[in-house]
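Values quoted throughout were computed directly from the atomic coordinates according to the rules given, and no laboratory measurement underlies them. Since the model is a prediction, treat every value here as computed from it, not as a measurement. Cβ: placed from backbone, ideal geometry, glycine included. Neighbour counts: every protein chain shown.
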Amino acid sequence: MTITEVTSATDLDLTVAAGAGALVRVPAGGRLRIVDLHGNQAADTLLFDAADVRNKYSAFDTIREQGAVFLTTGSRLLSTRLDELAVITGDTVGRHDTIGGACAQESNVVRYGEHTRHQHACRQTFLAYGAAAGIGPRELGHNINFFMNVPVSSDGDLHFDDGLSAPGKYVEMTASRDIWVLLSNCPQLNNPCNGWDPTPVQLLGWWS
Amino acid sequence: MSLYSHEISGGAAWSAPVRAGRTITLTALADGANCSALLLGADRVDRLNIPDTLKAQMSARIMAPMVLMSDRGLALASVTASSLDWHDCLGGFGHEAHLERFGPSTYGEDRNDWRRGARTGLVSELTKNGLDERDLHAPINFFSKVAISDDARASMTYVADHAQAGASVTLRTEQDVLVVFCTAPHPLDQGAYAPSPVRVVVDVASAVDQAVDASWTWRDESARALEMSRRVLA
């Protein structure tokens, strides 16, 4: 595996194993970079206003206000109150999904069959790591899938494709207020979103 | 005779618990209607999950005979009939910010014609049911269309007058649900403020033959969600 860019960060340098998660408090103005260490790894991400987790990231407010489905540099990540939680300020991939949602045991059963019911899934990770910030099932919204490729077409179709990412590619966001970033490093084995082999991602933070 | 029939005024919100095995038919009573809809399951925690509904059925729009799926992989309702082949589910609910161009609006000034975004109406109805803004989820904007371009960013463009008066859509409830509707304008509607009223009619659904039912036979994924609801809630 080639890592094309090696960076260190003073405030956060955390490797999140495949299938693990993280809850990171990013202060206003802080930058958080997510590095796809080995390529083609979906990083399922939710944002919350740290002052009030009811003010949660809203995928559909975000894409409507930018007039486009895919997220990239310049995308303002908005809440259900239309507050700007963060802005994507760096992106070496080019586009990211936010309408494909997260995997869950139950949605795996719907998509792939009963044999997948006890496979690990993002929704458990969100709930396990979110609990420390008071984030439960009611607070969960529809997430961002950094590094994931979910093409949509003018005839109204949607499907999952191989990722556009590659080892060392990254996305970076700058917090517009104090936020929680809740990440699930996707364990999905049943579609190409992780290249059929989930791998670690790295979180790098600069808070000032 | 239907069980229930009600006209939701333009720009208003309404909610109701509806038992499993009912049809809910929405009819646009004027051109350019929009009806933003939330759907919660029998326990009021499980709720409509648009991303899961879309990816399981390989669609970026809502149409018949798709099954509307919950966070926990259960069928909440099936779209059993629709005069339109596209109902928006990417545009989200409108906010007061989308109505600012019409100037300020208050009850004191405008009485019951005051202009509010769908979010306000939806949260108001959620709150009546012991819920709150935490329970907001991506809505379906029935009767509206936001076209997607095949460009690099998948640009989104609102299609004006997608629905004409008389357009209708019918849902069949697959478990006991709470439906929340708001007829405020679609947030991308740049036209005059003229929200259409929508008639909602609830009736008893006819018996389902799984072998031929359009939703049960639509996709394996649709059938699995319906089967899980049947097993869990039968």
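For the reader, a short list of remarks on this structure follows.
- More than 20 angstrom apart: percent of Cα pairs within chain A: 53
- Among the GluC sites (Glu not before Pro) within segment A:51-109, not one is in coil by DSSP while having at most 14 neighbouring Cβ atoms inside 10 Å.
- When chain B is treated as a GNM with alpha-carbon contacts under 10 Å, the residue of B:ALA211, B:ALA77, B:ALA184 showing the greatest mean-square fluctuation is B:ALA211.
- Amide H partners (placed H, <5 Å) of B:GLN175, local residues excluded: B:GLY21
- If you run the Gaussian network model on chain A, springs between alpha carbon atoms under 10 Å, then out of A:SER79, A:SER153, A:SER107 the most flexible one is A:SER153.
- Taking Cβ atoms as reference points and 15 Å as the exclusive limit, the residues near A:GLY134 contribute a net charge of -1, counting Lys and Arg as +1 and Asp and Glu as -1.
- Summed side-chain charge close to B:VAL208 - residues other than B:VAL208 whose Cβ falls under 11 Å, Lys, Arg +1, Asp, Glu -1: -1
- Dividing the convex hull volume of the alpha carbon atoms of chain B by its residue count gives 127 Å³ per residue.
- Segment B:1-86 gives an Rg/Rh value of 0.95, both radii derived from C-alpha positions and Rh following Kirkwood.
- All-pairs Cα distance distribution in the protein assembly as shown, expressed in whole percent, bin size 20 Å: 27, 58, 15, 0
- Report summary: the helix-based calculation at 222 nm, which adds -39500 (n - 2.57) for every DSSP H run with n ≥ 4 and divides by the residues of chain B, gives -4500 deg cm²/dmol.
- Where Rh is the Kirkwood radius over Cα pairs, Rg/Rh for segment A:134-208: 0.99
- GNM flexibility winner over chain A from A:ASN108, A:ASN143, A:ASN194 (Cα, springs under 10 Å): A:ASN108
- What the pair-distance distribution of segment A:94-164 shows, using all Cα-Cα distances binned every 5 Å from zero, is 3, 15, 19, 21, 22, 13, 6, 1, 0 percent.
- Cut-off 18 Å, label 7 Å out along Cα→Cβ of B:SER149, residues of segment A:81-121 by amide N: A:95-96
- Considering only the Cα atoms of segment B:124-234, their convex hull presents on average a projected area of 10.6 nm².
- Qualifying chymotrypsin sites (Phe, Trp or Tyr not before Pro) in segment A:33-66, DSSP loop, other Cβ atoms within 10 Å at most 15: none
- The local environment of B:ARG116, defined by Cβ-Cβ distances under 14 Å, has a net charge of -3 under the rule Lys, Arg +1 and Asp, Glu -1.
- Report summary: the helix-based calculation at 222 nm, which adds -39500 (n - 2.57) for every DSSP H run with n ≥ 4 and divides by the residues of chain A, gives -3500 deg cm²/dmol.
- Derived scalar couplings between HN and Hα for segment A:37-54 equal 4, 10, x, 6, 10, 6, 10, 6, 9, 10, 10, 9, 5, 5, 7, 6, 5, 5 Hz in order, rounded to whole Hz, by the Karplus curve 6.51 cos²θ - 1.76 cosθ + 1.60 (θ = phi - 60°), x for Gly and Pro.
- The A:THR73 and A:LEU164 beta-carbon pair, evaluated with R₀ = 22 Å, returns a calculated FRET efficiency of approximately 0.95.
- Close amide H contacts of B:LEU76 (hydrogens built in the peptide plane, cut-off under 5 Å, sequence separation of 5 or more or a different chain): B:LEU68, B:MET69, B:SER70.
- Coil-residue chymotrypsin sites (Phe, Trp or Tyr not before Pro) of segment B:148-234, DSSP, other Cβ within 10 Å capped at 16: B:TYR193
- Contact order relative to length of segment B:4-233, as percent, for alpha carbon pairs under 8 angstrom and 6 or more apart: 42
- Over all pairs of different C-alpha atoms, segment A:59-130 has a mean inverse distance whose reciprocal, the Kirkwood radius, equals 14.1 Å.
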